[in-house]
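Colleague: Shown below is the structure under consideration.
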Amino acid sequence: MSLAVTPRATPGCTDLPVLRERGQREVFCGLTGIVWLHRKIQDAFFLIVGSRTCAHLMQSAAGVMIFAEPRFATAIIEERDLAGLADANAELDRVVERLLARRPDIRLLFLVGSCPSEVIKLDLKRAAARLDTRFAPRVRVLNYSGSGIETTFTQGEDACLAALVPELPEAEDRSPRLLVVGVLPDVVEDQMLRLFAAMGLDRVAVLPPRRSTALPAVGPGTLVLLAQPWLGETARALEARGCRHLPAPFPLGAEGTTGWLRAAADAFDVSPSRFREATALGIARAEKAVAAHRPVLEGKSVFLFPDSQIEVPLARFLARECGMRPLEIGTPYLHRGLLEKELPLLPDGAVLSEGQHVDRQLDRLRAARPDITVCGLGLANPLEAEGFTTKWSIELVFTPIQGYDQAADLAGLFARPLDRARRLRV
Amino acid sequence: MQLAVWTYEGPPHVGAMRIAAAMRDVHLVLHAPQGDTYADLLFTMIERRATRPPVTYTTFQARDLGGDTAKLFRDALIEANDRFRPAAILVGASCTAELIQDDPQGLARTAGLEVPVVPLELPSYAKKENWGAAETFYRVVRAFAGPHAPPPGTVRPPRPSDRPPRANILGPTALGFRHRDDVAEIRRLLARLGVEVNVVAPLGASPADIARLGEADFNVVLYPEIAGTAASWLARSFGQKATRTVPIGVGATRDFVREVAELAGVDPSPVLEEEDSRLPWYSRSVDSTYLTGKRVFVFGDATHAIGCARVAAEELGFTVVGLGTYAREFARDVREAAARYGVDPLVTDDYLEVEAKIAEAAPELVLGTQMERHIAKKHRIPCAVISAPVHVQDFPARYSPVMGFEGANVLFDTFVHPLMMGLEEHLLAMFREDFEFHDEAAPSHLGATATVAAAASSPAAAAVALLRSRRSEASDAPVWTPEATKELGKVPFFVRAKARRNTERYAAERGIRTITVETLYDAKAHFAR
């Protein structure tokens, strides 16, 4: 459990100190990404090969069981499966068979690795290949790991999308095409596609697609624009297919959205006037709507616990568009490569922390006494009880917050707890 | 491997957390991979707990596996002790840590802590949450009460006549279904009987309180799933008898009062004569006539399922058409109870199987867990939650026990409110052709959202839809004439499916291929009770 403050030396970045910590990490594992991935890819099923804990996590993390029979489930490893891996494979085949018989609508099945499946070295890659052959062409079977020992929360999405990359068809030509990568809520995705169309970009595809049968083609002409900051592995896999990553800020707030769109516009030589035309209305609406929340947020200090890796772009939005003061910006991983357009925009005076030692971080929080704390649901009520106003971070990955027309919704997520704290007299 | 969509119980280490979080001055150190901290939010969100559960996790990752995860555990243990200064530390492993076999027990022994350490064996691949809770409670009781046990074979001396009888209340935990209020209710009941409460455990108990368990004359076991193992050990070690009746409902509470009175050597009659439950009168009042014979399906942990089935059958006059549990350890008790109601017991933790059984039984009310609430919603059957696993709604702000005489009042409301109120049902039958009293008129107290959106706009159309849905099930079913279909539409919607089934069965048994209005009424007369 080391603790080290080292100044950052990366050229082009600000000189914010980075606190690196190890200790108890109060974060979800990568399996949790299934909660939004299965809503996005509408003909996919996610079968976790894991323990009762994994099943219990999915049930609890999903919060409420909205779907009577969701498109995810757990093949729970039992004592006899541990005795022999050959039998475990046979058992897995039996479970998959039962599942696919029950769900003829499924076209893509992910076998999702977990901590126990990784530790007992159950080879899900081979299992997926075996089952893929067996159920072809009706169902494709792929695998990735969402285990807590290998992935933190949103890294599960990264692992899932990276597993899809080898499946993408090869583009027939090398002329430029745009690939937007990362799960965005449908409403946001549609808005973004309309904006690209308004700029005159007509070869735009998204990964993951809503139907697994409509995988986008990629190749050396493909320019990749990441919609989320946690997609390092996916970006690397796409680069290996010849795609080029477009460095950009992330589409939070008017500034982030404009920067994100501009990265694509510049790559496709969209004229400045056309870009202005396409974005002016959105910018105006976003700025006007965010301004309505600004009186509540201006000058308020904010402390962010590590959760999804959205913390750096989020802190940038809260500081630059809402006038808030980030005190500590915690992130599970600081991916400098993907954040190169974000880090320089962070205000001075904030501490960046990477990793977590939750008890020490709580000590720092109590010393800093921020006006609002961004944290997970395990910490939120205890902190409220201590008198801290909180914003639970899980909403930042489950709700539409990207793009011009959601900028005020994002600001509103922070204004509401402050507003409540102001109203309550009990 | 078991295919699970939803689970009724978490892993055993979550059971251990429920004990640690219920107690005072106890800390649990769990060897567990990153991600297992999700379990904290069960306590902070569902129960709205205002403090973090007293649990430290090692949250190891892949990079630690190549190194020294044992050291990670040892460091976390020492650090947790320094930071939280508990009176006792429980150590255990979650499913993944169990596989890497770091031996938390041995590591704790060599860590040189002065605080007592209770090691837990929590076999994740064989056992579940309630077992983990029972085992943890038993280990804690053994560790702290054990040293005070008399030598084996010692006969328990009779209670001195100048001291009032004393009992422990065993079983309530964190995240339990209404445990907080049940304890308050049972405390009150015991006080009225003149019985002092020695210790309530694990809820609110410290290790020092556990050490005093032997000072009670007997034990009140509210939740056998949690406290059964510990109570058996206390009976063997201290000669303490334990109650066997769980006071859910008026009848069971009366039995409980008599049982406690006998164990305590006091007279139960003053309490029984002053019984203050409203349930008996409410069930006898005319409005409740309409509750008679309502078909109810009951599923939950064993204690609540058995208790609520008895209330439903004996205290509301319902017909129990299904009874089941996910608690395999208590399958025998549920089988015995099911035999009393003449139904097949359902013992399963497969959510899909429960759904299939509910659909098959076509009950008018489901009493179940959060899972059954979803099943009932999908099948448009009224439902009330009577058992864990729980949801934030199952921790109401108001006082809401399910045990004791007040608990019986709560159960009356709980079972009756999702149903059509008696008078409302009566009016609906009278005016069923009235345009404002059509099939879609949901119980008025449930608000606009309760309307049956999928139903057709008129009873006749609904009957057509009903028959059409049936046709996909069996192609050789008899044919309904248009007049008979229209007449079926006049049958109140809540019994229409049953009328259809009975008529078709009647026709099939007699080889009738075409169902007319006359067939419909012949069948009605045939099946009339």
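Colleague: Spot the failing condition for B:Val366; the list is (1) modelled with pLDDT of 90 or more; (2) over 25 Å from A:Ala73 (Cβ atoms); (3) of a type outside the set (Lys, Arg), and only one is missed.
Modeller: The one condition B:Val366 does not meet is (2).
Colleague: Hey, another quick one. Only one residue in A:Leu334, A:Leu338, A:Leu327, A:Leu281 is out of contact with any helix residue (DSSP H, G or I) (no Cβ under 7 Å at 6 or more places or on another chain) and not in a helix (DSSP H, G or I), so which one is that?
Modeller: Result of the check over A:Leu334, A:Leu338, A:Leu327, A:Leu281: A:Leu334.
Colleague: Let me ask something additional. Could you figure out which of (1) touching a helix residue (DSSP H, G or I) at 6+ places or on another chain (Cβ under 7 Å); (2) closer than 23 Å to A:Arg241 by Cβ; (3) acidic (Asp, Glu); (4) surrounded by fewer than 22 Cβ atoms within 10 Å (Cβ to Cβ) isn't true of A:Glu91?
Modeller: That leaves (2) as the condition not met.
Colleague: State all residues of the range B:38-72 that are facing chain A (nearest Cβ under 7 Å), more than 21 Å from A:Ser51 (Cβ to Cβ), buried (at least 17 other Cβ atoms within 10 Å of the Cβ) and touching a residue at least 12 places away in the same chain (Cβ under 8 Å); if no residue qualifies, say none.
Modeller: B:Met45, B:Arg49, B:Arg52
Colleague: Filter the range A:354-410 down to residues that are part of a loop (DSSP other than H, G, I, E, B) and more than 14 Å from every other protein chain (Cβ to nearest Cβ) and give me whichever is surrounded by the fewest Cβ atoms within 10 Å (Cβ to Cβ).
Modeller: A:Arg369
Colleague: Would you point out which residue out of A:Pro347, A:Pro295 is without any contact (Cβ under 8 Å) to a residue 24 or more places away in the chain and surrounded by fewer than 22 Cβ atoms within 10 Å (Cβ to Cβ)? Reasoning before the result, please.
Modeller: On the way: A:Pro347 fails: without any contact (Cβ under 8 Å) to a residue 24 or more places away in the chain.
Within the list A:Pro347, A:Pro295, the selection yields A:Pro295.
Colleague: Shifting gears a bit: Determine which single condition B:Thr319 fails, assuming it passes every other condition in (1) touching a Lys or Arg at 6+ places or on another chain (Cβ under 6 Å); (2) over 24 Å from B:Ala359 (Cα atoms); (3) among the polar types (S, T, N, Q).
Modeller: Single failed check for B:Thr319: (2).
Colleague: Could you check how many residues of the range A:124-157 are acidic (Asp, Glu) and without any contact (Cβ under 8 Å) to a residue 24 or more places away in the chain?
Modeller: Here is the first cut: in the range A:124-157, the ones acidic (Asp, Glu) are A:132, A:150, A:157.
The next check asks that each one be without any contact (Cβ under 8 Å) to a residue 24 or more places away in the chain; those that pass are A:132.
Number of matching residues: 1.
Colleague: Check B:Val334 against each of (1) of a type in the set (A, V, I, L, M, F, W, C); (2) touching a Pro at 6+ places or on another chain (Cβ under 9 Å); (3) touching a residue at least 40 places away in the same chain (Cβ under 8 Å) and name the one condition it does not meet.
Modeller: Just one mismatch for B:Val334, condition (3).
Colleague: Something else about it: Which of the residues that make up the range B:351-365 are within 13 Å of chain A (Cβ to nearest Cβ) and either more than 18 Å from the chain's Cα centre (by Cα) or surrounded by fewer than 20 Cβ atoms within 10 Å (Cβ to Cβ) (or both)?
Modeller: Within the range B:351-365, the first condition is being within 13 Å of chain A (Cβ to nearest Cβ), and the residues that meet it are B:351-356, B:358-359.
If the condition is that a residue be within 13 Å of chain A (Cβ to nearest Cβ) and either more than 18 Å from the chain's Cα centre (by Cα) or surrounded by fewer than 20 Cβ atoms within 10 Å (Cβ to Cβ) (or both), then B:Leu352, B:Glu353, B:Ala356, B:Ala359 are the ones that fit.
Colleague: Here is a list of conditions, (1) assigned to a loop (DSSP other than H, G, I, E, B); (2) surrounded by fewer than 20 Cβ atoms within 10 Å (Cβ to Cβ), and B:Leu122 meets all of them except one; can you say which number that is?
Modeller: Exception for B:Leu122: condition (2).
Colleague: May I pose another question? Please state which of the following conditions B:Pro482 fails to meet, knowing it meets all the rest: (1) modelled with pLDDT under 65; (2) over 30 Å from B:Ala309 (Cβ atoms).
Modeller: (1)
Colleague: Taking the range B:514-529 on its own, how many of its residues are among the small types (Gly, Ala, Ser) and not in a helix (DSSP H, G or I)?
Modeller: Final tally of qualifying residues: 1.
Colleague: Could you please find all residues in the range A:362-388 being in contact with a Ser or Thr (Cβ under 7 Å, 6 or more places away or on another chain) and not hydrophobic (A, V, I, L, M, F, W, C)?
Modeller: Scanning the range A:362-388 gives A:Pro370, A:Asp371, A:Thr373, A:Gly376, A:Gly378, A:Asn381, A:Pro382, A:Glu384.
Colleague: Counting just the residues of the range A:69-95 that are more than 9 Å from chain B (Cβ to nearest Cβ) and touching a residue at least 12 places away in the same chain (Cβ under 8 Å), which one comes out nearest to B:His379 (Cα to Cα)? Outline the logic, then answer.
Modeller: In the first step, residues of the range A:69-95 are kept if they are more than 9 Å from chain B (Cβ to nearest Cβ); the result is A:71, A:83-87, A:89-90, A:93.
If we keep only those that are touching a residue at least 12 places away in the same chain (Cβ under 8 Å) too, we end up with A:71, A:85, A:89, A:93.
Values: A:Arg71: 19, A:Leu85: 40, A:Asn89: 36, A:Asp93: 31 Å.
Going through the qualifying residues, I end up with A:Arg71.
Colleague: Outside any helix (DSSP H, G or I) and at pLDDT below 95: is that true of B:Gly112 in this structure?
Modeller: The answer is yes for B:Gly112.
Colleague: Find the residue count for the range B:8-37, including only residues that are out of contact with any strand residue (DSSP E or B) (no Cβ under 8 Å at 6 or more places or on another chain), at the interface with another protein chain (Cβ under 8 Å from one of its Cβ atoms) and not small (Gly, Ala, Ser).
Modeller: The qualifying residues number 3.
Colleague: Let me ask something additional. When residues of the range A:238-261 are filtered for being touching a Cys at 6+ places or on another chain (Cβ under 9 Å) and surrounded by fewer than 24 Cβ atoms within 10 Å (Cβ to Cβ), how many remain? Reasoning before the result, please.
Modeller: Restricting attention to the range A:238-261, the residues satisfying the condition of being touching a Cys at 6+ places or on another chain (Cβ under 9 Å) are A:253.
Filter once more, so that each one left must be surrounded by fewer than 24 Cβ atoms within 10 Å (Cβ to Cβ): none.
Total satisfying the criteria: 0.
Colleague: Another one. Show the residue pairs meeting these rules: Cβ distance below 7 Å; 6+ apart or different chains; first residue within the range B:366-378 and within 8 Å of chain A (Cβ to nearest Cβ); second residue hydroxyl-bearing (Ser, Thr, Tyr).
Modeller: From residues that are within 8 Å of chain A (Cβ to nearest Cβ), the pairs are B:Met371/B:Tyr8; B:Met371/B:Tyr351.
Colleague: Sticking with this one: Of all the residues that make up the range A:221-234, how many are surrounded by fewer than 23 Cβ atoms within 10 Å (Cβ to Cβ) and assigned to a helix (DSSP H, G or I)?
Modeller: 2
Colleague: How about the range A:20-60: which of its residues are part of a helix (DSSP H, G or I), charged (D, E, K, R) and away from chain B (no Cβ under 12 Å)?
Modeller: Across the range A:20-60, the qualifying residues are A:Arg39, A:Lys40.
The values are calculated or read from the model by the stated rules, or taken from the named source; none is laboratory data. Because the structure is predicted, anything quoted here is derived from the model rather than measured. Methodologically, a virtual Cβ is constructed for each residue, glycine included, from the backbone with ideal geometry; neighbour enumeration extends over all protein chains shown.
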